[in-house]
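Worksheet: one structure, shown below.
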Amino acid sequence: AQSVTQLDSQVPVFEEAPVELRCNYSSSVSVYLFWYVQYPNQGLQLLLKYLSGSTLVESINGFEAEFNKSQTSFHLRKPSVHISDTAEYFCAVRRLTGGGNKLTFGTGTQLKVEL
Amino acid sequence: GAVVSQHPSRVICKSGTSVKIECRSLDFQATTMFWYRQFPKKSLMLMATSNEGSKATYEQGVEKDKFLINHASLTLSTLTVTSAHPEDSSFYICSASDPASTDTQYFGPGTRLTVL
């Protein structure tokens, strides 16, 4: 079975400051990794994903995440946040094979960007 | 990215009635769709996996007779909450798996169900 840990339930940060949202996972098999973002009263939107290749993946709105296999981490970072980045962020993993394509989610991190 | 829609976005119903929620993949065919439930300030709880043309697979603890799932086509899955009760009030979110994108799950906008 897989598990995902997001240690920070809330991260307050000032606008234009950098931010890192932590994600660690546990799995006995190889996994794909995802970050989803959820704005209030909305569904989840895929932010970025790691499937293979370069361990550093980027989104179109300035976020990036780096897959670190030795530390079993997939932390999300942004060098300068904006008010509009305020949302809930979920890290998730999925087995490469088998498992029925099910996602295992972390408990989420609320990013609150303040002026 | 791929687009998934849900209808309705919000529904209020009386206790004892049934409510149907639709989930559609708009620009791709999804052989697999998923239904989640989300409680306030909590993560998503997978309820069931819906496969086109076959019976849904329910997660442990989810009542299959209460939450009826039908995946009649490659672009449509429905969740029917039967004999709804106030404790069924929640945010229900579906996702569709895009086989052209290594089965990445794309999520619908969610349906807020309130049972009075």
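Only the coordinates and a few stated rules stand behind these numbers; no lab work does. Note that the structure is a prediction, hence the values are computed from the model and not measured. Every residue, glycine among them, receives a Cβ derived from its backbone with ideal geometry; neighbour counts consider all protein chains shown.
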**Student exercise, chain A dipole from Lys, Arg, Asp, Glu Cβ charges, in Debye to nearest 20** = 600
**Message:** Students often forget the sequence filter, so: which lysines lie under 22 Å Cα-Cα from B:K55 once same-chain residues fewer than 8 apart are removed?
**Reply:** A:K102, B:K20, B:K64, B:K66
**Fill in**
Expressed as a whole number, the average count of other chain Cβ atoms within 10 Å around the Cβ atoms of A:40-51 is 5
**Asked** Taking every DSSP beta bridge that has both residues in chain B, what percent is antiparallel when rounded to the nearest 5?
**Response** 90
**Fill in**
Rounded to a whole number, the mean other protein chain Cβ count within 10 angstrom for residues of B:27-40 is 1
**Fill in**
In terms of the alpha carbon gyration tensor, root eigenvalues a ≥ b ≥ c, rounded if a/c is under 1.5 and otherwise prolate when a/b exceeds b/c or oblate, chain A is prolate
**Request:** Quickly rank B:4-13, B:34-43 as a protection proxy: mean count of other C-beta atoms within 10 Å, highest first.
**Result:** B:34-43, B:4-13
**Message:** I'd like the mean, over residues of A:76-82, of how many other protein chain beta carbons sit within 10 Å of each residue's own Cβ.
**Reply:** 0
**Item:** Simple spin-label estimate for B:E63 and B:F39 in nanometres, 7 Å along Cα-Cβ
**Value:** 1.7
**Request:** Could you please rank B:Y106, A:Y39, placing first whichever residue has the fewest other Cβ atoms within 10 Å of its Cβ?
**Result:** A:Y39, B:Y106
**Message:** Please give me, ordered by residue number, the trypsin sites (Lys or Arg not before Pro) of region A:6-115 that lie in loop per DSSP and have at most 10 other Cβ atoms within 10 Å.
**Reply:** A:K69
**Request:** Report, ordered by chain and residue number, the lysines lying within cross-link reach of A:K78, taken as a straight Cα distance under 18 Å and ignoring same-chain residues fewer than 8 apart.
**Result:** A:K49, A:K112
**Asked** Listing B:C94, B:C23 from the residue with the fewest other Cβ atoms within 10 Å to the one with the most, what is the order?
**Response** B:C23, B:C94
**Request:** Using a Förster distance of 35 angstrom, determine the FRET efficiency expected from the C-beta separation of A:K112 and B:A72, and round it to 0.05.
**Result:** 0.25
**Request:** Provide the percentage of antiparallel DSSP beta bridges, counting only those with both residues in chain A; round to the nearest 5.
**Result:** 85
**Complete:** By the rule of no other cysteine beta carbon under 4.7 Å, the lone cysteines of chain B are B:C13
**Asked** Over the protein assembly as shown, what is the percentage of antiparallel beta bridges among all DSSP beta bridges, to the nearest 5?
**Response** 90
